[in-house]
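Scroll down for the structure; my scribbles are underneath it.
The values are calculated or read from the model by the stated rules, or taken from the named source; none is laboratory data. In this text, all values refer to a predicted model and were calculated from it rather than measured experimentally. For neighbour counting, all protein chains shown are included, and Cβ atoms are generated from backbone atoms with ideal geometry for every residue, glycine included.
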Amino acid sequence: MLSKVTIGGDSDPEDHLVISCVDDLGNTIEQDTARRLFNLIARAYDINETFIPGKLEEIFESQKAEILRQNAQNAEKEFDAEVEKLESWSNDRKNALEIKLKEMDKKIRELKKTSRQPHTLEEKIELQRQQKTLDTERMNMRRKLFEAQDAIDAERDKLIKNAEKSLQKPVKSKIIFAIDWRIV
């Protein structure tokens, strides 16, 4: 019996062909061996027997369960890889901004230290302007850090929603054809 298992909807279907095969005694024949039967030279005869899937259905359901297990395992690996990439990107982005913030804080401290030394009024005013400019830049950098964290959270939410969608993919199966083989 050849069946098709479709995982997913119309937009992104994933099809699998499943060969289920048993001998006259009801013993399971492996898919690879069953696949080789299609390479044999054969003749078609009319057989007036009704197809009763029975054992084939059991084999098919087992193979279908294995396909679904592998699909879930692949989705889990993809999810883990995406989470790792997201965390790495998040850490890189936050670290870069935090380094810039520390450099900015250091410049501000040096400027404050310099402004406490004896200077003319004009120099003090200029130093205060520079400090105000650096304070504004530091506030903007902090805002960028928070915006970056918001972007990271949005990406994480998107990743979770996609993972949830992959768990809810519909699964359809259909018997394409069934053959009764007689080797003589």
Unique match (being under 29 Å from the mean Cα position of the chain (by Cα), of a type in the set (A, V, I, L, M, F, W, C) and modelled with pLDDT under 90) among Leu111, Leu86, Leu37, Leu101
Leu86
Cross-chain or 6+ apart pairs with Cβ under 6 Å, segment 64-89 first and farther than 14 Å from Ile7 by Cα, then surrounded by 12 or more Cβ atoms within 10 Å (Cβ to Cβ) and acidic (Asp, Glu)
Leu86/Glu155
Assess whether Gly9 counts as being in a loop (DSSP other than H, G, I, E, B) and at positive phi.
no
Restricting to segment 106-146, count the residues that are aliphatic (A, V, I, L, M) and surrounded by 13 or more Cβ atoms within 10 Å (Cβ to Cβ).
6
Considering only segment 58-84, state which residues are surrounded by 15 or more Cβ atoms within 10 Å (Cβ to Cβ) and charged (D, E, K, R).
Lys64, Glu82
Test result for Gln131, without any contact (Cβ under 8 Å) to a residue 24 or more places away in the chain and over 30 Å from Asp23 (Cβ atoms):
yes
Any residue that is under 38 Å from the mean Cα position of the chain (by Cα), part of a helix (DSSP H, G or I) and modelled with pLDDT of 85 or more - is there at least one of those in segment 123-138?
yes
Regarding segment 97-106, can at least one residue be identified that is within 30 Å of Lys172 (Cα to Cα) and either free of Cβ contacts under 8 Å to residues at least 60 places away in the same chain or not acidic (Asp, Glu) (or both)?
no
Quick one: would you say Ala75 is touching a helix residue (DSSP H, G or I) at 6+ places or on another chain (Cβ under 6 Å) and of a type in the set (A, V, I, L, M)?
yes
Can you name the residue in segment 4-45 that is polar (S, T, N, Q) and more than 10 Å from Ile59 (Cβ to Cβ) and is also surrounded by the most Cβ atoms within 10 Å (Cβ to Cβ) among such residues?
Thr6
Determine whether Lys174 is closer than 30 Å to Leu17 by Cβ and in contact (Cβ under 8 Å) with a residue 60 or more places away in the chain.
yes
